[in-house]
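Peer 1: The structure's right below; bear with me while I get my questions together.
The values are calculated or read from the model by the stated rules, or taken from the named source; none is laboratory data. Model, not experiment: these values are computed from the prediction. Cβ placement follows ideal geometry from the backbone for every residue including glycine, while neighbour counts extend to all protein chains displayed. The protein model used for the area step is the full one, side chains on, heavy atoms only, and it has no ligands, DNA or RNA in it. Shrake-Rupley method; radii C 1.70, N 1.55, O 1.52, S 1.80 Å.
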Amino acid sequence: MVTNHIYDLRRGNRCSDGFFRELDQFADEVVAGIERRASPLLDGYSQHVERFLAESERSRSEYAIEFLMLGMALRRYEGAAQATPKSIVDLAQELFWLRSRSARLKPWVDWARAGVAKFGLAPHIGHLSKSCGTAVERMASLVDWLNATGEFEQEAMRLNNWRSYFAQLKPGKAAHWMGVAAQVFDQFEHKAETVLGNYTRGVESFLASEHAHFGWREDVLFCGRQPAEYHLNMVAQEVINRSLREAFNRTEKKIVLVPTCMRGARSASCEAKVNGLDITCTHCDPDCHVNLITKRMEALGVRVYMVPHASGFSNWLKRWEEQRDTGVAAVACMLNILPGGYEMRARGIASQCVPLDFPGCRKHWDRTGIPTAVNEGRLVQIMSTPRTDLPA
């Protein structure tokens, strides 16, 4: 059993306020550093997105984070993409496609995906990459592998945009910038360990103990992330939140989505009201975190819904897609923060993401399950910010 949290934003304190203060400053440093190394590239990529991809405008800081994410993918997963047989990648992609299209077959498909992940994909992680092929070919192989895992769907979409941009550059120039991305990530990994490493002390011990003995489990790749990947998600969610904060503040209606792992010790007897996809708190447990948050949000005129698992997140978002009058704040585990933020971004939802202070769900992190928590003060601050378009 896990005795220490995989990550803990409180770091021995009563709340995670200190983490958010450090993160705010560090995010500035990270973005500024990428600007110094890759400003010409970000200029070109921003123009490419606007002219050729017909994507809604994003902030330059978001593009900087995508460049950092490219470096992470190259360092962490390109060797695996090169070493994994194409037949395994194709099979994994087919299974991931099938699970989203047949609820009846999903349990069997997930069982098969667990085997493919355990014995076909995971063993190649950590292999050194080789500079073989053009930058575009390398990117295509990397994106295919990321998609095959089923764990990087949103990230792969962003990196596929970069692949299309590199295809417009001279081969030597594209290869140069891929090398720069890897170097930027190396520097980030070292600096982030110094600044944020105390919040992820449990990752290494978890990987060496619990994760090393994972059997036939679908989440073997999801739970096998390195500390630097947690750190990247921390910085990325801060940057995306900043970019969307003004639009979020302008919305008239606000929604909060919280994971069911936040329910208290009596979660087995939870009396939540279920109406279709909607799961709402009925205040049955006075000590339940969802109950406490729901009461605070109701005082602000904000609705709170529970989401049972990240895989069902997309279903909750469909109703608010392109609804410019509705802002959605999602509370999630650190490893789900970035893909969740990207998906809401892609759906045209004015959003904010708030990470759980620590993870504890039985599916991934703890065999018995630990009720999780979030910085309620920060959530209240986000939800109570006055609309910016109202007259003084």
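Peer 1: Please return the ranges of strands (runs of 3 or more DSSP E) entirely within segment 280-392 where 2 or more residues are in contact with a Pro (Cβ under 8 Å, 6 or more places away or on another chain) and in contact (Cβ under 8 Å) with a residue 60 or more places away in the chain. Before the answer, list the steps.
Peer 2: On the way: elements: 303-307, 326-332, 350-355.
The strands (runs of 3 or more DSSP E) meeting that bar are 326-332.
Peer 1: Can S164 be described as small (G, A, S) and modelled with pLDDT of 95 or more? Reasoning before the result, please.
Peer 2: Numbers: small (G, A, S): yes; modelled with pLDDT of 95 or more: yes.
Here the answer is yes, as S164 does meet what is asked.
Peer 1: Exactly one of these conditions fails for R347: (1) surrounded by fewer than 16 Cβ atoms within 10 Å (Cβ to Cβ); (2) over 22 Å from S267 (Cα atoms); (3) out of contact with any strand residue (DSSP E or B) (no Cβ under 8 Å at 6 or more places or on another chain); (4) among the charged types (D, E, K, R). Give me its number.
Peer 2: Of the numbered conditions (1) surrounded by fewer than 16 Cβ atoms within 10 Å (Cβ to Cβ); (2) over 22 Å from S267 (Cα atoms); (3) out of contact with any strand residue (DSSP E or B) (no Cβ under 8 Å at 6 or more places or on another chain); (4) among the charged types (D, E, K, R), the odd one out for R347 is (1).
Peer 1: Look through L257, L232 and report the one residue that is aliphatic (A, V, I, L, M), more than 30 Å from E193 (Cβ to Cβ), open to solvent by less than 50 Å² (accessible area, probe 1.4 Å) and touching a helix residue (DSSP H, G or I) at 6+ places or on another chain (Cβ under 8 Å).
Peer 2: Numbers: L232 fails: more than 30 Å from E193 (Cβ to Cβ).
Testing whether each residue is aliphatic (A, V, I, L, M), more than 30 Å from E193 (Cβ to Cβ), open to solvent by less than 50 Å² (accessible area, probe 1.4 Å) and touching a helix residue (DSSP H, G or I) at 6+ places or on another chain (Cβ under 8 Å) leaves just L257.
Peer 1: Consider only pairs whose beta carbons are under 9 Å apart and that are at least six residues apart or on different chains; among these, list those whose first residue lies in segment 91-120 and is under 14 Å from E151 (Cα atoms) and whose second residue is open to solvent by 60 Å² or more (accessible area, probe 1.4 Å) and aromatic (F, W, Y).
Peer 2: Sorted first by the residue in segment 91-120, then by its partner, the pairs are A114/W216; K118/W216.
Peer 1: Among (1) in contact with a Cys (Cβ under 9 Å, 6 or more places away or on another chain); (2) buried (at least 20 other Cβ atoms within 10 Å of the Cβ); (3) not aliphatic (A, V, I, L, M), which single condition is E210 missing?
Peer 2: Of (1) in contact with a Cys (Cβ under 9 Å, 6 or more places away or on another chain); (2) buried (at least 20 other Cβ atoms within 10 Å of the Cβ); (3) not aliphatic (A, V, I, L, M), only one is false for E210: (2).
Peer 1: Let me ask you something else. Looking at (1) surrounded by fewer than 21 Cβ atoms within 10 Å (Cβ to Cβ); (2) closer than 30 Å to S131 by Cβ, find the lone condition where E271 falls short.
Peer 2: Status for E271: all satisfied but (2).
Peer 1: Suppose the filter is in contact with a helix residue (DSSP H, G or I) (Cβ under 6 Å, 6 or more places away or on another chain), free of Cβ contacts under 8 Å to residues at least 24 places away in the same chain, assigned to a helix (DSSP H, G or I) and surrounded by 15 or more Cβ atoms within 10 Å (Cβ to Cβ); does V136 pass it? It would help to see each step written out before you state the result.
Peer 2: Details: in contact with a helix residue (DSSP H, G or I) (Cβ under 6 Å, 6 or more places away or on another chain): yes; free of Cβ contacts under 8 Å to residues at least 24 places away in the same chain: no; assigned to a helix (DSSP H, G or I): yes; surrounded by 15 or more Cβ atoms within 10 Å (Cβ to Cβ): yes.
No.
Peer 1: Next question. Have a look at L70, L95 and point out the one that is assigned to a helix (DSSP H, G or I) and either at pLDDT 95 or above or aromatic (F, W, Y) (or both). Working first, answer last.
Peer 2: Details: L95 fails: either at pLDDT 95 or above or aromatic (F, W, Y) (or both).
Within the list L70, L95, the selection yields L70.
Peer 1: Further, regarding this structure: Please indicate, with yes or no, whether at least one residue in segment 13-32 is over 23 Å from the mean Cα position of the chain (by Cα), surrounded by fewer than 17 Cβ atoms within 10 Å (Cβ to Cβ) and free of Cβ contacts under 8 Å to residues at least 60 places away in the same chain.
Peer 2: The initial filter retains those residues of segment 13-32 that are over 23 Å from the mean Cα position of the chain (by Cα), namely 13-14.
Those left that are additionally surrounded by fewer than 17 Cβ atoms within 10 Å (Cβ to Cβ): 13-14.
Filter once more, so that each one left must be free of Cβ contacts under 8 Å to residues at least 60 places away in the same chain: 13-14.
For segment 13-32, residues over 23 Å from the mean Cα position of the chain (by Cα), surrounded by fewer than 17 Cβ atoms within 10 Å (Cβ to Cβ) and free of Cβ contacts under 8 Å to residues at least 60 places away in the same chain: present.
Peer 1: Mind checking whether some residue in segment 43-51 is of a type in the set (A, V, I, L, M, F, W, C) and open to solvent by less than 20 Å² (accessible area, probe 1.4 Å)?
Peer 2: Of the residues in segment 43-51, the ones of a type in the set (A, V, I, L, M, F, W, C) are 49.
Going one step further and asking which of them are open to solvent by less than 20 Å² (accessible area, probe 1.4 Å), we end up with 49.
Yes, segment 43-51 has at least one match.
Peer 1: While we're on this one: In segment 156-256, which helices (runs of 4 or more DSSP H) lie fully inside it and hold 3 or more residues that are free of Cβ contacts under 8 Å to residues at least 40 places away in the same chain? Walk me through it before giving the result.
Peer 2: Values: elements: 171-196, 201-208, 227-250.
So the answer is 171-196, 201-208.
Peer 1: Here's another thing I want to ask about it. Tell me, which residue of segment 292-328 that is among the β-branched types (V, I, T) and within 22 Å of the chain's Cα centre (by Cα) is nearest to N241 (Cα to Cα)?
Peer 2: Within segment 292-328, the subset among the β-branched types (V, I, T) is 293-294, 302, 304, 307, 326, 328.
Filter once more, keeping what is within 22 Å of the chain's Cα centre (by Cα): 304, 307, 326, 328.
Working: V304: 19, V307: 20, T326: 16, V328: 12 Å.
Selected residue: V328.
A quick yes/no check of all residues on (1) surrounded by 14 or more Cβ atoms within 10 Å (Cβ to Cβ); (2) touching a His at 6+ places or on another chain (Cβ under 6 Å); (3) under 30 Å from V203 (Cα atoms):
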| residue | (1), (2), (3) |
| --- | --- |
| T282 | no, no, no |
| Q323 | yes, no, no |
| P355 | yes, no, yes |
| E376 | yes, no, yes |
